[in-house]
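The values are calculated or read from the model by the stated rules, or taken from the named source; none is laboratory data. What you see is a predicted model, and the numbers here were worked out from it, not measured in a lab. Backbone-built Cβ (ideal geometry, glycine too); neighbour counts: all protein chains shown.
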Amino acid sequence: MPSTFLGLNTSYTGLVASNAALNTTSNNIANIETEGYSRQVVNQGAADAIRTYSSYGCVGTGVDIYGAERVRDIYYDVKYWNNNSKLGEFDKKQYYAAVIETYLDNTETTKGFTSIFDEMDAALQSLKTNTGDSTYALDFIGKAGNVCEYFNLLYNSFQSMQSDVNDEIKIKVEEINSVATEIATLNKEINVIEMDGSSIANELRDKRDLLIDQLSAVVDVSTEEIPVYDAVTGIPTGAYNYIVKIAGGQTLVNAYSYRELECVPRDTYQQANRNDCEGLYDVHWTDTGDDLGVYANSTEGELKGLFVMRDGNNDEAFNGRIKWIDAGKQTVKVEVTDDYLMDMSKSTLPLTNGQITVGGDKFYYDSWTYEETEKGCFYTFQLSIDPAKNPRGVTTAKTSQLAAVGDQVDYQGIPYYMEQMNEWVRDYVSVFNSIYGVEGATDYNEQDRSGANFFTGNDPITGEQYELEIKMDAKTYSSTQDGYFCLTAGNFNVVKSLEADPNTMATHTVEKGGISKYDIVENLIGLAVNPDKMQFRGCKAEDFLICLLGDAALNANSANTFQGIYMDIEQTIANNRYSVSGVDADEEAANMIKFQNAYNLSSKMISVLCEVYDKLIQETGV
């Protein structure tokens, strides 16, 4: 039989439950503008009924409160994190694609390639009609120098942008490490609170989820929460192992422990692309030394966007199959089949001090040679014998395996644009110099200039100008030689002797001597517009900027499109997520009134029962 005062206790539980609901509503309203806060509700249920051993069976005993819990839907969280990673990647692509377009811009207010190249062509036209005056030759040399300076500045700007992207990669890696540390700390704090079985660390869980939101923009992320059981009894302890994985499933945080990433700058002998600036970072796990692997198709996020922008080579890195290995001489011969590896103008291989991957192992080389034969095209690499660079030598066991220099990155990033500039410079200089230094070429002083160069480049080590002895159609050459493959948009310039004395400029051949016929100048005039003399990607020489702007525009348009798509998707997911977890002012106002009424009713019930008990005790007692 129930206690006489059961009703009073039952009403009291209702009072407590209503008060808890009001306090939770107050907390929701107070945090209506708090970032990452999840709406909380009081989790309650009917208390166990008791038997009365009477005809009416059982009597309810009130309400039990199980605690305040967050309202959260993991489905929307996962959708948000996945989309946020894609959005982060295209945010970075969009930003740097816009920067590239700015660098290549050629408008009335921005003097770019087209304007400068047209000025050089106009100066050449003037020289043709004033061939007896070397002043016009000096003007043309100056305008040609402006073209060189344009490429030098553009090349350096791209390298500077690559350096900026590299610095941003370091910042993002530090952000990942910082988030990992905070999550591991929160995991411990959450378990300390929740292991008593009666409390839920709602606010701490919100902080942790907010950190995952932040992390998902930087790199793709997945989470898993596994309950911890007592090893002896098998009973849940109330604690959880919260696991965070990034970059295609690599563990970052496991309960209270976390792993860290480090940015390792490449040394001068670790180049992967000749056009790269110094000190590019490779991202490794500090505990294993393994590479993070951001180029994998499974990775996403801002870090992926930064890496493909920094290293994107349009899938045109050096690669081939090892033909043979001389372990004694430490040489590796690699057969290549891709067309771009057989074209000197497209070469991006570091001339010396490069890093080659041979059958999965990395080695450093001092130089390489190229040969084109009837049996195929081959590169032979001379590996360094310095034990500090290569602690162990290569063995013949690697024969027939794959070799590569750098990674195949299927995106038109900064290295791609620098390679395109180099290609134009090498092709243009080669054709220009072949016309300029034709057999019998003669200058203003009637001196023989056969084989002379007008354009050349500076050796970055010695500072001396290249003689460009290895021509573009060479079938065999070495990286230690002086050839057109040594030219880049960054070292491209005019021969110094011409700048010092314009009278040494070749203008005609012996057969066409005299001021009335300057055939070399006339042949050079057609170079800019005649695709039979020079083509760049099937276009005229003067269309260089159009080709690159086309690439930049397509990349920018693609980045803008996908960034817009993922932004719209994120907004939709965020709205759905907020509809579940967010605090709505109108809803909380309605709850406040609802719980207030419930509290008042419980209070009234207690008052009524007090009167009943008073009547029972005072007036019916013996």
Identify the single condition in (1) of a type in the set (A, V, I, L, M, F, W, C); (2) surrounded by fewer than 16 Cβ atoms within 10 Å (Cβ to Cβ); (3) in contact with a His (Cβ under 8 Å, 6 or more places away or on another chain) that Ala231 does not satisfy, given that it satisfies every other one.
(3)
List, please: which pairs have Cβ atoms under 6 Å, are six or more places apart or on different chains, and start with a residue in segment 292-308 that is touching a residue at least 60 places away in the same chain (Cβ under 8 Å) and end with one that is among the polar types (S, T, N, Q)?
Glu300/Ser85; Gly301/Ser85
Report yes if Arg310 is among the basic types (Lys, Arg) and surrounded by 20 or more Cβ atoms within 10 Å (Cβ to Cβ), otherwise no.
yes
Within the set of pairs 6 or more residues apart or between chains, which connect a residue that is basic (Lys, Arg) inside segment 133-162 to a residue that is part of a helix (DSSP H, G or I) with Cβ atoms less than 6 Å apart?
Lys143/Glu119; Lys143/Met120; Lys143/Ala123
Any chance Ala559 is within 42 Å of the chain's Cα centre (by Cα), within 22 Å of Thr25 (Cβ to Cβ) and touching a residue at least 12 places away in the same chain (Cβ under 8 Å):
no
Would you mind telling me which numbered condition in (1) touching a Cys at 6+ places or on another chain (Cβ under 9 Å); (2) on the phi > 0 side of the Ramachandran plot Gly197 fails?
(1)
Between Ile461, Ile525, which is of a type outside the set (D, E, K, R), out of contact with any helix residue (DSSP H, G or I) (no Cβ under 7 Å at 6 or more places or on another chain) and surrounded by fewer than 17 Cβ atoms within 10 Å (Cβ to Cβ)?
Ile461
Among the residues of segment 566-581, is any closer than 19 Å to Thr24 by Cα, in contact (Cβ under 8 Å) with a residue 12 or more places away in the chain and crowded, with 16+ Cβ neighbours inside 10 Å?
yes
Screening Asp482, Asp519, Asp543 for residues that are touching a Leu at 6+ places or on another chain (Cβ under 9 Å), free of Cβ contacts under 8 Å to residues at least 24 places away in the same chain and surrounded by 14 or more Cβ atoms within 10 Å (Cβ to Cβ) leaves only Asp482
Of all residues in segment 129-167, count the ones that are under 21 Å from Asn453 (Cβ atoms), in a helix (DSSP H, G or I) and in contact with a helix residue (DSSP H, G or I) (Cβ under 8 Å, 6 or more places away or on another chain).
16
If you take the residues of segment 41-90 that are among the small types (Gly, Ala, Ser) and in a strand (DSSP E or B), which of them is surrounded by the most Cβ atoms within 10 Å (Cβ to Cβ)?
Ala68
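A quick yes/no check of all residues on (1) loosely packed, with under 13 Cβ neighbours inside 10 Å; (2) over 28 Å from the mean Cα position of the chain (by Cα); (3) of a type in the set (Lys, Arg):
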residue: Ile176; (1), (2), (3): no, no, no
residue: Glu194; (1), (2), (3): no, yes, no
residue: Ile226; (1), (2), (3): yes, yes, no
residue: Tyr240; (1), (2), (3): no, yes, no
Those residues of segment 464-479 which are surrounded by fewer than 17 Cβ atoms within 10 Å (Cβ to Cβ) and within 17 Å of Tyr436 (Cα to Cα), in sequence order
Glu467, Glu469, Lys471
Within segment 154-197, which residues are under 19 Å from Val308 (Cβ atoms) and aromatic (Phe, Trp, Tyr)?
Phe158
Taking the condition of being surrounded by fewer than 20 Cβ atoms within 10 Å (Cβ to Cβ) and part of a helix (DSSP H, G or I), how many residues in segment 95-115 meet it?
8
Looking at segment 515-526, is at least one residue within 43 Å of the chain's Cα centre (by Cα), assigned to a loop (DSSP other than H, G, I, E, B) and either modelled with pLDDT of 90 or more or of a type in the set (Lys, Arg) (or both)?
no
Residue check, Lys533 basic (Lys, Arg), modelled with pLDDT of 90 or more and either within 30 Å of Leu210 (Cβ to Cβ) or touching a Gly at 6+ places or on another chain (Cβ under 8 Å) (or both):
no
For Asn390, only one of the following conditions fails: (1) part of a loop (DSSP other than H, G, I, E, B); (2) within 20 Å of Ala327 (Cβ to Cβ); (3) touching a Lys or Arg at 6+ places or on another chain (Cβ under 7 Å). What is its number?
(3)
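Condition check ((1) among the β-branched types (Val, Ile, Thr); (2) under 23 Å from Ala590 (Cα atoms)) across all residues:
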| residue | (1), (2) |
| --- | --- |
| Gly7 | no, no |
| Gly14 | no, yes |
| Ala20 | no, yes |
| Ile29 | yes, yes |
| Ala49 | no, no |
Looking at this structure, is Gln408 surrounded by fewer than 19 Cβ atoms within 10 Å (Cβ to Cβ), in a loop (DSSP other than H, G, I, E, B), of a type in the set (S, T, N, Q) and within 30 Å of the chain's Cα centre (by Cα)?
yes
Residue list for segment 576-612, restricted to those being among the hydrophobic types (A, V, I, L, M, F, W, C), assigned to a helix (DSSP H, G or I) and touching a helix residue (DSSP H, G or I) at 6+ places or on another chain (Cβ under 6 Å)
Met592, Phe595, Ala598, Met605, Ile606, Leu609
Evaluate segment 339-347: report whether one residue or more is part of a loop (DSSP other than H, G, I, E, B), within 20 Å of Lys471 (Cα to Cα) and within 31 Å of the chain's Cα centre (by Cα).
yes
State all residues of segment 58-95 that are under 30 Å from Ser11 (Cα atoms) and without any contact (Cβ under 8 Å) to a residue 40 or more places away in the chain; if no residue qualifies, say none.
Cys58, Tyr66
Evaluate the following for Asp584: is it surrounded by fewer than 16 Cβ atoms within 10 Å (Cβ to Cβ), acidic (Asp, Glu) and closer than 21 Å to Asp73 by Cβ?
yes
So which of Gly293, Gly328 ends up being of a type in the set (Gly, Ala, Ser), more than 24 Å from Lys245 (Cβ to Cβ) and part of a loop (DSSP other than H, G, I, E, B)?
Gly328
Note down all Cβ pairs under 7 Å where the first residue falls in segment 455-469 and is under 14 Å from Val429 (Cβ atoms), the second is in a strand (DSSP E or B) and among the β-branched types (Val, Ile, Thr), and they're at least six residues apart or on different chains.
Phe455/Val494; Gln465/Thr456; Tyr466/Thr456; Leu468/Thr456
